[in-house]
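**Student:** Take a look at the following structure, please.
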Amino acid sequence: MNYYSLNKKAPHTSFKNAVVKGLAPDRGLYFPEHIPALPASFFETIDDKSYSEIAFEAIKQFVTPDIPEPILKTIIEETLSFEFPIVRLNEHISTLELFHGPTMAFKDVGARFMARCLGYFNRNNTEEVTVLVATSGDTGGAVANGFLGVKGVHVVILYPSGKVSNIQEKQLTTLGQNITALEVDGVFDDCQDMVKQAFLDPELTDKMQLTSANSINVARWLPQLFYFMFAYKQLHKKHEDLVFSIPSGNFGNICAGMMAQQLGLPIKHFIASNNANNVVTEYLTTQLYNPKPSVATVSNAMDVGNPSNFIRIQEIYKNDFEELKRNLSSYSYSDDATKAALLEIYKQFNYIADPHGAVGYLGCKDYLKDHPDAHCVFLETAHPTKFLDTVEAVIDKKVDLPAQIKAVIDKKKIATKISSYEDLKRFLLAEQKQD
Ligand SMILES: *Cc1c(COP(=O)(O)O)cnc(C)c1O
């Protein structure tokens, strides 16, 4: 499969090149040339297939021939080495738990898949690739963990000082080896801006191969379409009208769900559930797209003021606003509403959600008011203990830490403080000299 740039001013390119470069030379996001639907038999026989078989069939066309089929099988087996269970809360609401991976956030799948693709592409190279990534919380840990020990890849993570949870910070600052954490005096948008500026800086790009591991990278974005197929496999016999409520920040996850729909997965509707960062919620009401600086919330992985994948969603629905509205609703919720939802889920269903999942739950509830026959699946994008302070305070109960979290909590944080783009540049150039 070849990819084109959504800015339409760059040559089409291979999967490999799209992954290694991250962004097209015209700064556009890459998008697949075609999205051929899977045969009806794929969905008819989904009950007989393992998750790895489903994932392989679904993504094969997007990554071959650059990743040969046998290699792809191995990459998928290694990527999907944990569970993706559905928990049914009642007749109309389920949650899909995406937090059983090593860093307990859904980003593990994309990060592990991308790391293995890059490792394969780089198998004979002596030239080091530097993966530069800005994180609002969970990306950093997932990418650090996914890329740990991958040959020829150095990972540099920028995170906003004091704006990520204690556990998130530990997950991205304690690994060592080929992973470096930079603690930025600023907010997530400052981190993202610095990363973007680095990609545009010839003094850096002439000297090193930089790539991104944010969801703009096709190898991180596309594997997320697996989740929707895994949910379908578990629910389709019981429920016909499946809708998904996706706690959204950069809109990569929801956009991957829309790719699954394009592949033929019978998804009735998508709900983009947002915190106070509500650019898309407003867009669907006013048709005006107004990016804003992000504001801090208790669901910090969604504190994004200008979601980078929204342009891919526009492409999927061919920039047709009415078509978009037929497929997508969006709601925005305050921190107070989010906390009240956490408590409600706990009291009514004896289920402990995390703040992002709680926002997704609220999206389901609002949608179901007008569509009482639907079955709404909200994605539980992180384990509740990643947001321990909020969760324990709201439900007024101590929560047990899972093994993945216990393993990092007492480790020593190692991070370099930076406060400007110049600091980042100096750091990268110095690293380069050492190699
Ligand atoms: C990244 C993240 C999100 C937002 O996902 P997008 O693909 O950026 O929309 C939601 N919840 C959690 C826990 C996350 O880590």
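**Student:** Relative contact order for the stretch 151-240: what is it in percent, counting Cα pairs under 8 Å that are at least 6 residues apart?
**Tutor:** Relative contact order here is 24 percent.
**Student:** Now for a separate question. Rounded to the nearest Å, what's the spacing between the alpha carbon centres of the stretch 85-109 and the stretch 1-48? Just the number, please.
**Tutor:** Here the two parts' Cα centres lie 26 Å apart.
**Student:** Another question, if that's okay. If you take the beta carbon distance between Thr45 and His371 as r and set R0 to 30 Å, what does 1/(1 + (r/R0)^6) give as a FRET efficiency, to the nearest 0.05?
**Tutor:** Given R0 = 30 Å and the Cβ-Cβ separation, E is 0.55.
**Student:** How do Thr135, Thr130 line up, fewest other C-beta atoms within 10 Å first?
**Tutor:** Taking fewest neighbouring Cβ atoms as first place, the list is Thr130, Thr135.
**Student:** Thinking of the stretch 249-350 as a set of Cα atoms, what percent of all their pairs are more than 24 Å apart?
**Tutor:** 28 percent
**Student:** Give me the extension gain from Lys318 to Asp193: residue separation times 0.36 nm, minus the current Cα-Cα distance, reported in nm with one decimal.
**Tutor:** 42.2 nm
**Student:** For the chain, what does -39500 (n - 2.57) per DSSP helix run (n ≥ 4), summed and divided by total residues, give at 222 nm, in deg cm²/dmol to the nearest 500?
**Tutor:** Using -39500 (n - 2.57) per qualifying helix, the result is -13000 deg cm²/dmol.
**Student:** Could you list Ser332, Ser41 in order of exposure, starting from the residue whose Cβ has the fewest other Cβ atoms within 10 Å?
**Tutor:** Listed from fewest to most nearby Cβ atoms, that is Ser41, Ser332.
**Student:** Students often forget the sequence filter, so: which lysines lie under 19 Å Cα-Cα from Lys339 once same-chain residues fewer than 8 apart are removed?
**Tutor:** Of all the lysines, those that pass the test against Lys339 - Cα under 19 Å, at least 8 places apart if same chain - are Lys163, Lys347, Lys365, Lys386, Lys397, Lys398.
**Student:** Please list, by residue number, everything in the stretch 135-176 whose backbone N is under 11 Å from a paramagnetic label point 7 Å out along Cα→Cβ of Gln209.
**Tutor:** Within reach of a label on Gln209, which here means backbone N under 11 Å from a point 7 Å along Cα→Cβ, the stretch 135-176 contributes 152-154.
**Student:** If I take every Cα pair under 8 Å that is 6 or more residues apart in the stretch 287-435, average their sequence separation and divide by the length, what percent do I get for the relative contact order?
**Tutor:** Relative contact order of the stretch 287-435: 16 percent.
**Student:** Residue separation times 0.36 nm, minus the C-alpha to C-alpha distance between Thr416 and Arg88: what's the value? Before the final figure, lay out the partial values.
**Tutor:** Values: separation 328, 0.36 × 328 = 118.08 nm, distance 4.35 nm.
Full-extension gain reported as 113.7 nm.
**Student:** Return the unpartnered cysteines for the chain, using a Cβ-Cβ cut-off of under 4.7 Å.
**Tutor:** Cys117, Cys191, Cys255
**Student:** Something else: Antiparallel DSSP bridges in the chain: what percent, to the nearest 5?
**Tutor:** 20 percent
**Student:** Using the beta-carbon distance between Lys325 and Lys238 and R0 = 22 Å, what value does 1/(1 + (r/R0)^6) give for FRET efficiency, to the nearest 0.05?
**Tutor:** 0.20
**Student:** Given R₀ = 60 Å, FRET efficiency for Glu77-Ser334 by Cβ-Cβ distance, to 0.05?
**Tutor:** Approximately 0.90, to the nearest 0.05.
**Student:** Can you give the Rg/Rh ratio of the chain, where Rg is from the C-alpha atoms and Rh is the Kirkwood radius?
**Tutor:** Ratio value, two decimals: 0.94.
**Student:** Now a separate question. Taking only C-alpha pairs under 8 Å that are 6+ residues apart, what is the relative contact order of the chain in percent?
**Tutor:** Contact order relative to length: 18 percent.
**Student:** Further, regarding this structure: For a footprinting-style exposure proxy, rank His236, His34, His92, His383 by other Cβ within 10 Å, fewest first.
**Tutor:** Fewest-to-most Cβ neighbours within 10 Å comes out as His34, His236, His92, His383.
All of the numbers you see were taken from the coordinates with simple rules; none came from a lab. This is a predicted model, so every value here is computed, not measured. FYI the Cβ positions are ideal-geometry reconstructions off the backbone, even for glycines, and counts take in every protein chain you see.
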